[in-house]
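Below is one structure; the comments refer to it alone.
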Amino acid sequence: MKKTKQPVVILVGPTAVGKTNISIQLAKALNAEIISGDSMQIYRGMDIGTAKISEREMNGIPHHLIDILDPSEPFSTADYQRLVRSKIKEISERGKLPMIVGGTGLYIQSVLYDYTFTEEANDPAFRKKMEEAAVQEGAEALHARLAAADSEAAASIHPNNIRRVIRALEILHTSGKTMSQHLKEQKREQLYHSVMIGLTMDREALYE
């Protein structure tokens, strides 16, 4: 007998498009709990640039993976995958619908698909060198290095997310393959019965 896949709703869209308001309305209508899909909202103190939801805006809807780490603590895509899959299981067992809200594509894909991560592509000395380069040359210069080597990965990582920029460079340095190549080699089997909702608006209005 074929096992039924767990349903999961994903709500994505750029910052300021209105995800917060719509996510609360959806969560109430669908009896859902919300899991943050944003790579920066996990960090305490990073509130303004990430448009982090306030307790008042939550309106009684449980939210997960917000303000769980200090900015100095390391956090990888593999960590996110593990935590979110655990939260999906917990929420489902409570009879609620798990809903991922956010905009970090790689994080969301790592949860939905059968991605595996190896810890082999590690070089602490190279990482330290890149961290020093980020301080001396700036985040934009480091991001430009990544763009020259792996334009696909660079397009999905914000220049200010230095940790992920360095991780992508480290993978290339240690394995000889770009992060994008590693992802393309992954299995693309959907682990959940997912529905993805994408929000958008006129670009000029969004920027304003």
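Any read-out appearing in this document is the output of simple, stated calculations on the displayed coordinates, not a laboratory observation. Remember, it's a predicted structure, so these values are computed and weren't measured experimentally. Cβ atoms come from the backbone with ideal geometry, glycine included; neighbour counts cover every protein chain shown.
Computed over segment 124-182, the P(r) curve from all C-alpha pair distances, binned at 10 Å from the origin, holds 27, 60, 13 percent per bin. Near the amide H of Gln6, within less than 5 Å, lie the amide hydrogens of His193, all on another chain or at least 5 residues away, with H placed in the peptide plane.
Amide H contacts under 5 Å for Ile35: His64, Met99, Ile100, Val101, restricted to partners 5 or more places along the chain or on a different chain, H placed in the peptide plane at 1.01 Å from N. Note that segment 167-172 has calculated 3J(HN,Hα) couplings of 4, 5, 5, 5, 4, 5 Hz, one per residue in order, obtained from phi through the Karplus relation 6.51 cos²θ - 1.76 cosθ + 1.60 (θ = phi - 60°); glycine and proline are x. When the charge dipole of the chain is built from unit charges on Cβ atoms (+1 for Lys and Arg, -1 for Asp and Glu) and taken about the Cα centre, the candidate among Ala153, Thr178, Leu30 whose Cα reaches farthest toward its positive end is Leu30. Quick one: which of Lys5/Lys28; Lys5/Lys87; Lys28/Lys87; Lys5/Lys96; Lys96/Lys184; Lys19/Lys128 span more than 25 angstrom between C-alpha atoms? Result: Lys96/Lys184; Lys19/Lys128 exceed 25 Å. Taken about its Cα centre, the chain carries a charge dipole of about 840 debye when Lys and Arg each add +1 at the Cβ and Asp and Glu each add -1 at the Cβ.
Just to verify a number: FRET efficiency for Phe126 and Leu199, C-beta to C-beta distance, R0 = 30 Å, to 0.05? After rounding to 0.05, the efficiency reads 0.20. Taking amide H positions as modeled 1.01 Å from N, with prolines and chain starts lacking one, the residues under 5 Å from Ile197 and 5 or more places away or on another chain are Ile10, Leu11, Val12. Centre-to-centre separation between the Cα atoms of segment 71-95 and those of segment 126-163: 26 Å. The charge dipole of segment 88-175, taken about the Cα centre with unit charges on the Cβ atoms of Lys, Arg (+1) and Asp, Glu (-1), comes to about 280 debye, rounded to the nearest 20. Cβ-Cβ distance of Ala139 and Leu30, R₀ of 35 Å, FRET efficiency by 1/(1 + (r/R0)^6): the value works out to about 0.35. Note on Ser151 and Ser92: the model spin-label points, each 7 Å out from Cα along the C-beta direction, lie 3.9 nm apart. Among [x] 8, 32, 35, 20, 5, 0; [y] 9, 37, 40, 14, 0; [z] 8, 29, 33, 21, 8, 1, 0, find the value of P(r) over Cα pairs in 10 Å bins from 0, in percent that was calculated from the structure presented, and write down its label. Comparing each candidate, only [x] matches the computed number. Helix-only arithmetic for the chain: the sum of -39500 (n - 2.57) across DSSP H runs with n ≥ 4, divided by the residue total, places the mean residue ellipticity at 222 nm at -13500 deg cm²/dmol.
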